[in-house]
């Protein structure tokens, strides 16, 4: 998902899938294949905690994130943004969950309120996102993400 340019974070951030202990995923997540649920939880935890090694493992080499403005970010830049020491994210809760699973792939997403700080400056943003997962080489990896900022409600 993307943070607004006004946060100072840059042009791309956050393809979110929710983590155990870090975020609350809807109850239906228990119906996901165990390996996929574990990978999605680990991916979110790695984003929230800025864990470069976990992100490297969970993201496919050809990963692409598309922001609401149409810009594209690759794996290396995405990992760099999450490991930026100036970024401090809080756990998120997924609403309006999307869970579509097929034998070698899945689309997981929903709506989240992203809260945190960048370089000490707080931000809050609502995002709708989707992560596309692929089963390859004996494991789940996220291959694509797309996030759209939800305008503030009057």
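Just so you know, all these numbers are worked out from the coordinates, no wet-lab data involved. Computed from a prediction, not measured in an experiment: that's the story for all the values here. No Cβ is skipped: glycine too gets one built from the backbone with ideal geometry, and neighbour counts run over all protein chains shown.
Worth a mention:
- FRET efficiency for residue 77 and residue 113, using Cβ-Cβ distance with R0 set to 25 Å, rounded to 0.05: 0.55
- Counting 0.36 nm for each residue step from residue 96 to residue 56 and taking away their Cα separation leaves a gain of 11.6 nm.
- The Kirkwood hydrodynamic radius of the range 33-154, based on inverse pair distances between different Cα atoms, is 14.9 Å.
- Cβ crowding within 10 Å averaged over residues, with 128-138, 37-47 ranked highest first: 37-47, 128-138
- Once the C-beta distance of residue 88 and residue 124 is scaled by a Förster radius of 22 Å, the resulting FRET efficiency is 0.95 to the nearest 0.05.
- Separation between Cα centres of the range 83-154 and the range 33-57, rounded to whole Å: 12
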